[in-house]
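The values are calculated or read from the model by the stated rules, or taken from the named source; none is laboratory data. These numbers were taken from a predicted model, which means no experiment stands behind them. Glycine gets a Cβ as well: all are built from the backbone with ideal geometry, and neighbour counts include every protein chain shown. Remember, those area values only see protein heavy atoms, side chains included, never the ligands or the DNA or RNA. Shrake-Rupley method; radii C 1.70, N 1.55, O 1.52, S 1.80 Å.
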Amino acid sequence: MSLFFIALLPPPHIQDYVNQIKQNFADDYGSSHAQKSPPHITLQPPFEWQDDNLTVLESCLQGFVVSKDVVPITLNGFGAFVPRVIYIHVEKSSELLALQIDLMAYVEKNLGIVDQVSKTRAFAPHMTVAFRDLSKQNFKAAWQKYQQRELYFEFIGAELTLLRHNKKRWHIQSQFSLNEKEDDMLPN
């Protein structure tokens, strides 16, 4: 049995930028827990799955993406869940919200995967840069700096990523390409 979750990952250059921010939180505020996963937007929170049944999970996700298009993603500034979480704000687009709702319904219907917390709380897309080991005192200091800090990226979420926990950190298990249309592409 392993822990998994499903997410959208930004392109490598944005991952590098976000990882630098995570490193700043580790160096300046003693918060390194966010470094245990690649930068991501969680679509399906962590769930347990039998390791010997992994092909069923991956086949189901492949079946899901067949009818799903890539989604435009905008990262714009920083946000916080007081008193311990600082994140990069992900703008709620209708495409992103629909993808998340459809994915959760699909895995519930086809795999029996249910996240009870998500059923009672609205989806708040975000990209965490500090949490859990960020003390309340360091949260206040960091938030004073980051709440006004500018950050803006646009990218196309082109694939769903299945991540697996190895008892220490999260690693990419597999990726599933969403459908790409020419009018979905952002200008360079």
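Here are the numbers for this structure:
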read-out	value
Accessible surface of the chain, 1.4 Å probe, proportion on carbon and sulfur as whole %	48
P(r) weight above 21 Å for the chain, C-alpha pairs, percent	52
Principal axis dimensions, largest first and in whole angstrom, of the range 23-106 by Cα	43, 34, 19
Under 25 Å from the Cα of residue 136 - lysines, other chains or at least 8 residues apart	22, 36, 145, 168
Highest-MSF residue in the chain out of 18, 117, 56 [GNM, Cα springs under 10 Å]	117
Extended-chain gain in nm, criterion 0.36 nm per residue less alpha-carbon gap, residue 55 and residue 26	6.8 nm
Charge dipole magnitude, Cβ of K and R +1, D and E -1 - the range 90-158, Cα centre, debye nearest 20	460
Highest-fluctuation residue, 55, 128, 161 considered, GNM on the chain with Cα pairs under 10 Å	55
Choice from 106, 29, 152 showing the highest fluctuation, given a GNM over the chain with Cα pairs closer than 10 Å	152
Per residue solvent-accessible surface (Å²) - the chain, probe of 1.4 Å	54
Partner lysines for residue 119 [C-alpha distance under 23 Å; skip if fewer than 8 residues away on the same chain]	68, 92, 109
Heavy-atom accessible area ranking, 1.4 Å probe, most first, across 119, 181, 109	109, 119, 181
